[in-house]
Structures are given as C-alpha cells and as structure tokens.
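> There's a structure below that I have some questions on.
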C-alpha cells in the first residue's frame, strides 16, 4: 500500500525542488538586472539601517543605569544628518510596485508633498532629540525617543512602506 | 512478489520474508509533512515581507514543534525520544555498517540525531523570531518587549541568517533520504506518507496512537503557542 503512494510523493518532491529552483531563478534574475537598479535603493536601505542602528544605540544606553552621552550625542546627530539625505534617495519610480527589491510604496511618488512632510517631521524630531541630548538629561532623551520613533519613523513607515500586517 | 510458485531448488538465495507493519503514527506523519510545507512558507513570507503571515505561520510552526516534543514523550513507540535517541556507542556501531534495517522499524541512531537537529534548530529559529523586530520599525515578535533593545537587535540579526542553518539541515535530511533510496534501496518516503513499510516478520506493528492523547497534546501545544502569540500575559 505504501509503495503505491511513493511515485506521487516523488512527484511532490520534484515539484518542491522545482519551486526551489524557480525561487533561485528569480533571485538570479534580480541579480542580473542589478545593473539597471538605481544605486539609490541600496543607498537608502543602508542609510535607514544606519539610522536604526544609531537609534538603537541611544535606546540601549537609556536602558542602562548610567546612559553614556558619548554614545547618545553623536548617534542623535547621525540620525539627524542621515534623515536629511532622504529627499535625494527616492528617485522616481523606484517602488516595490515597479518591481524593485524594496519596501518603498508607489504612494511616495503619488503623494510627494505628504512624503516630503513626513521626512521633515522626522528631521524636526531628530533635531529635538539632539537638543535633548545636549541637556545631558536621560529622561529628556527618553521622551524624544518616543517622539522620533512614533512621529518620525513609524508615522512614515505606516504610509509609505510595505504593510507589516 | 511472492515466491510461492517458485520451486525451492530454483531459489538461489534465501528470500527474507517480510510483511507490512505500521511504522509511523498519524501525528508523526502529519507534523512531518506540515513542517515540510511550513518551512518553505516561512522563507517565502519573509522574502516577500509578508510579516503578518510570517508571524501567524510562525506560531502554527511553534505549536507543531511543541506538539512533536510532547508526542516524543507520550506518543507511540516509534515517536518517543526514549525509543530512538541512542548513545554514542550505538551510533558508532551503526556508522560501521551492517545495521539490519529490515529488523528494525523507526529511526536509526543517525536518523535520531537528524530528528533532534531538525526540531532543535527550527525551535531555536522560531524562538528568536518571537523576540525579533523593533517597535518603531515595523512588525515585532510578541516577546520583543520582554528583552532589551540590544538583545532584540542581536536576536533579529541572528534570526535573519540562521535560516541558512535550518535549511542546511533540511537539505542534509533530504539528501540522506535520497541516498538511502539510491544506494540501499530503502524507501523511507513511503512509510512517512502511508505509515507502513516492509519489515522482517519478527518486527511488530507500532503501538496504536490514542486519539484522546494526541488531541490533548495538540490542545496543550496550540494553547501554549496562542499564549505566546498574546505576549505571554499573566493569567490574572
């Protein structure tokens, strides 16, 4: 009885292998077209990653008993400087809908004013964070973490980045 | 297939008599093939940033791993860890060859290691995912807030490459099944599908799988996974 069903499971296994090959092929395809991919996509991803790292460095310090402002102050400045680069990192049509390996939604270019405002909000929040860091008061920085995280990062992600849910 | 019609004098070699025995119970087979579907699904949903589905399926996977571990304690003979996890002595003996596969049903000493590695690595990967993410940056696992930012970041980064280890082990497992089929003419897939395989007459059926026990274990594991999904709230 068991032997009867074996060929069908070899077929299933082959289908699985084919699927794996297909997804591998798709990845290769993306690499092939890497030459046509605007450099800004990778630049903005690296930039966001660095912003995230600096933001986490600040929050990590705030979790300690004695937050180190030698870490917090330059990290806050780094976030502010990197957020100001964003307007140049979203060339027209570099959306996930256009087939690029990105989480940037086409909404960015359909609503350029809203996107510009979202960036400005982030830049402003990060400037407030720098000001808080300059006071040397961990609680002031902590308040700005929530402000920057929710009104800067999250507010923009919810509108202009691929849905999380 | 039977040699009943063959004159005994014409038989060149003694034909080892076999019969069909039950090897794998239905919970083992169901969890096995669920893993085979869910692991690629976890990869695909992560690759396409479908975090909602990635996390929902991750909790289904968590429930199934917990179920398989429970079933390894209270399940049928071939499902129990105590029946197939052997010491290094048995493993070395197995690796030297001559293991009478027809005389045994269930995992070999080497196959037992594969079971532990597959379950353990997948559980580790799922567990890291529960803590992964950043509350200001998209989806987070339900236990993210229980650890510090640095720990969550480390677990997130590790979760993002550790799937290679999991799929490496899956690849090794599939390769081994293929090699046993090719070089030892052992059909390992059939029994994992249908539950039965050809074994020597001395080999008895696996013990029956009691529905009540299986459903009880399933309820406990689904409940645990759902509790984790809710962020392990205190009962009160």
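> Counting only residues that are away from chain A (no Cβ under 12 Å) and surrounded by fewer than 20 Cβ atoms within 10 Å (Cβ to Cβ), which one in segment B:146-158 is farthest from residue A:65 (Cα to Cα)? Don't jump to the end; show me each part of the working.
Restricting attention to segment B:146-158, the residues satisfying the condition of being away from chain A (no Cβ under 12 Å) are B:146, B:155, B:158.
Going one step further and asking which of them are surrounded by fewer than 20 Cβ atoms within 10 Å (Cβ to Cβ), we end up with B:146, B:158.
Values: B:146: 18, B:158: 27 Å.
Across segment B:146-158, the extreme among qualifying residues is B:158.
> So which helices (runs of 4 or more DSSP H) are wholly in segment A:80-165 and hold at least 3 residues that are away from chain B (no Cβ under 14 Å) and crowded, with 18+ Cβ neighbours inside 10 Å? Step through it out loud before you land on a result.
Values: elements: A:107-110, A:112-135, A:138-147, A:155-160.
Ranges flagged: A:112-135.
> Let me ask you something else. Looking only at segment A:48-79, which residues are buried (at least 20 other Cβ atoms within 10 Å of the Cβ) and away from chain B (no Cβ under 14 Å)?
A:76, the sole residue that qualifies.
> Would you check if residue B:152 is under 23 Å from residue B:58 (Cβ atoms) and more than 17 Å from the chain's Cα centre (by Cα)?
Working: under 23 Å from residue B:58 (Cβ atoms): yes; more than 17 Å from the chain's Cα centre (by Cα): yes.
Spelling it out, residue B:152 is indeed under 23 Å from residue B:58 (Cβ atoms) and more than 17 Å from the chain's Cα centre (by Cα).
> Tell me whether segment B:17-33 contains one or more residues that are in a loop (DSSP other than H, G, I, E, B), over 30 Å from residue B:84 (Cα atoms), at pLDDT below 95 and out of contact with any strand residue (DSSP E or B) (no Cβ under 7 Å at 6 or more places or on another chain). Can you show your working first?
Restricting attention to segment B:17-33, the residues satisfying the condition of being in a loop (DSSP other than H, G, I, E, B) are B:17, B:23-25.
Applying the additional criterion that residues be over 30 Å from residue B:84 (Cα atoms) yields none.
Within segment B:17-33, not a single residue is in a loop (DSSP other than H, G, I, E, B), over 30 Å from residue B:84 (Cα atoms), at pLDDT below 95 and out of contact with any strand residue (DSSP E or B) (no Cβ under 7 Å at 6 or more places or on another chain).
> For the list (1) closer than 28 Å to residue B:143 by Cβ; (2) within 13 Å of another protein chain (Cβ to nearest Cβ), I need the number of the one condition that residue B:235 fails.
(2)
> Take segment B:159-172 and flag every residue that is more than 12 Å from chain A (Cβ to nearest Cβ) and touching a helix residue (DSSP H, G or I) at 6+ places or on another chain (Cβ under 8 Å).
Hits for segment B:159-172 are B:159, B:162, B:163, B:165, B:166, B:169, B:172.
> Could you go through segment B:26-45 and let me know if any residue there is away from chain A (no Cβ under 14 Å), under 27 Å from residue B:202 (Cα atoms) and in contact with a helix residue (DSSP H, G or I) (Cβ under 6 Å, 6 or more places away or on another chain).
Scanning segment B:26-45, I find at least one residue that is away from chain A (no Cβ under 14 Å), under 27 Å from residue B:202 (Cα atoms) and in contact with a helix residue (DSSP H, G or I) (Cβ under 6 Å, 6 or more places away or on another chain), so the answer is yes.
Residues checked against (1) surrounded by 17 or more Cβ atoms within 10 Å (Cβ to Cβ); (2) within 29 Å of residue A:103 (Cβ to Cβ); (3) under 14 Å from the mean Cα position of the chain (by Cα):
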site	(1), (2), (3)
B:24	yes, no, yes
B:27	yes, no, yes
B:39	yes, yes, yes
B:48	no, yes, no
B:55	yes, yes, no
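The values are calculated or read from the model by the stated rules, or taken from the named source; none is laboratory data. These figures come from a predicted structure and were not determined experimentally. For neighbour counting, all protein chains shown are included, and Cβ atoms are generated from backbone atoms with ideal geometry for every residue, glycine included.
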